[in-house]
Amino acid sequence: MFLLMGLLIIPSIKAQKVETFILKAPEKPFYNMKKIGVLKFECSTNRRKDIVLTNYIVADLLNQHRGIYNKKGGFYGMGKGTEGKTFVKGVTTDFYEVIEREQLEKIMKEQRLALSGAIDENSAAEVGKLLGLDVLVIGNANYTHNDEWSNSELTGRCLKRTVTAKGTMKIISVETAQIVGTRTASASFKDSGCGDKVSGVMTTDQLADVCLKKLAEEFVDYFTPGYEHIVYNMEKVKLKEFKDKGKEAMNFLKKGDLDHAFPIVYAMYEADSYNPKTAYNLGVLYEMVGAYEQAAEYYGIAYELDYTNEKYQKAAERAKAGIDLEKYLEDIGRPIQPYSFTGGGANALAERVKIRGGSADRIEVFEFPDKSSQVVAKVPGGLEFKVLGEEGKFIKIQLRGTKTGYVPKSDVK
């Protein structure tokens, strides 16, 4: 099933690396968590920084494209160029309802609880219950700085300033008042200058803010799905019959014509399906667009054929975690939107149908062309599926992976 959008560096081409932003599962998923609060993190070094780290965490949780950035320009978003680009469609990262800090502090004042990050688990759970939260996030941080001075005959007196921040986050279950997750992180940043440029060196406070922002990102990454910049080292595959086709596919990619490039890559796997390299390359494409079941399948094939390859093992584990993430996204009505090729091969040109309704709707797909048969899937409205055939008032469609099913004609456009 060619439901893909990605970019591949074709074997036999000199450059074998491709980079993009992929959707990744968190280190510790809490997929049953919907409503959360973030209490003020205590910064023992500088109490004025308490609110800085807290605000960074909240901002990260509310960021719709968290993790996507332009490396050259620092642009955060869904950029159109090579930089800051993801091929995953339809998924924003503001997954949770985050209660404003002011509401939390108001409740704490009313309950005469401490207004610092030193609040204990039981008190945090009390506050959470009053606001109907699932979890509360608490924690603390501190930072140190070091100034190194030196002299140079060419540039004069030089300053190198380094700030290092460390912090700990705890996730408290409101229901049980137990710690269900914890993360410790550190970050270090430096700035330097010589001569007249010494006055332009970032202050300790400025560098501390940069460090705290990094801590916030690591804390949120721990329990929240987001985007991650990744560089794939594509495998080189030598197949004589695809020597010219590989160059042709690369030319298509340079023009942005992915519809014609992908079938060639897929055909390389078909021609040498016992080659772990062709399976791995195909798995990369599926992972890049968030099609984790397919990615896990081909990564698994690659690892089975070469179980000594650590890259294949890590890729397979990453894709398996992605399957749970994909299910979570479907459950909350934010499914990954598949990309359909419109040309380049019989499968790419196959007839497709779109399910009626929107992403919040769930349309039943049956095992047989009969509404009394077993429901094999409930798919969101707005998605397109490949048509495998028709029987009476039903259309047989290709679902994720190898699954198929029948949807009533009245439920498709």
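The values are calculated or read from the model by the stated rules, or taken from the named source; none is laboratory data. If you're wondering where the values come from, they're calculated on a predicted model, not measured in any experiment. Because the Cβ atoms are built from the backbone with ideal geometry, glycine has one as well, and the counts that use them run over all protein chains shown.
Looking only at the stretch 176-190, residues that are among the β-branched types (Val, Ile, Thr) and more than 18 Å from residue 124 (Cα to Cα) come to 1 in all. Inside the stretch 32-54, residues that are under 25 Å from residue 97 (Cβ atoms) and of a type in the set (Ser, Thr, Tyr) make up a count of 1.
Applying the criterion of being closer than 20 Å to residue 91 by Cβ and in contact with a strand residue (DSSP E or B) (Cβ under 6 Å, 6 or more places away or on another chain) to the residues of the stretch 364-391, the residue that is modelled with the lowest pLDDT is 384.
Given the condition part of a loop (DSSP other than H, G, I, E, B), at pLDDT below 85 and polar (S, T, N, Q), answer yes or no: does some residue in the stretch 67-89 qualify? Yes, there is a match, as at least one residue in the stretch 67-89 is part of a loop (DSSP other than H, G, I, E, B), at pLDDT below 85 and polar (S, T, N, Q). Taking the stretch 10-42 as the range and being among the β-branched types (Val, Ile, Thr), at pLDDT below 90 and touching a Leu at 6+ places or on another chain (Cβ under 8 Å) as the test, the residues that pass are 10, 18, 20. Checked against (1) charged (D, E, K, R); (2) modelled with pLDDT of 90 or more; (3) within 20 Å of residue 41 (Cα to Cα), residue 121 meets all criteria but (2). Summed over the stretch 139-185, residues that are assigned to a strand (DSSP E or B), more than 29 Å from the chain's Cα centre (by Cα) and among the polar types (S, T, N, Q) total 6. Please find, within the stretch 123-153, the residue that is nearest to residue 187 (Cα to Cα) out of those that are free of Cβ contacts under 8 Å to residues at least 60 places away in the same chain and touching a strand residue (DSSP E or B) at 6+ places or on another chain (Cβ under 8 Å). Per the criteria, the residue is 146.
Would you be able to say whether some residue in the stretch 173-187 is over 17 Å from residue 66 (Cβ atoms), modelled with pLDDT under 90, surrounded by fewer than 17 Cβ atoms within 10 Å (Cβ to Cβ) and among the charged types (D, E, K, R)? No; the residues of the stretch 173-187 include none that is over 17 Å from residue 66 (Cβ atoms), modelled with pLDDT under 90, surrounded by fewer than 17 Cβ atoms within 10 Å (Cβ to Cβ) and among the charged types (D, E, K, R). Considering 220, 284, 289, the condition of being at pLDDT 90 or above, buried (at least 17 other Cβ atoms within 10 Å of the Cβ) and in contact with a Leu (Cβ under 9 Å, 6 or more places away or on another chain) is satisfied by 220 alone.
Among the residues of the stretch 152-166, is any within 24 Å of residue 43 (Cβ to Cβ) and hydrophobic (A, V, I, L, M, F, W, C)? Yes, the conditions are met somewhere in the stretch 152-166.
Only a single item in (1) modelled with pLDDT under 95; (2) more than 28 Å from residue 288 (Cα to Cα); (3) not aliphatic (A, V, I, L, M) is not met by residue 164, and it is number (1). In the stretch 154-167, the residues that are touching a residue at least 40 places away in the same chain (Cβ under 8 Å) and more than 14 Å from residue 189 (Cβ to Cβ) form Cβ pairs under 9 Å with partners that are part of a strand (DSSP E or B) and aromatic (Phe, Trp, Tyr), at six or more places apart or across chains, as follows: 157/149; 158/149; 159/149; 167/143.
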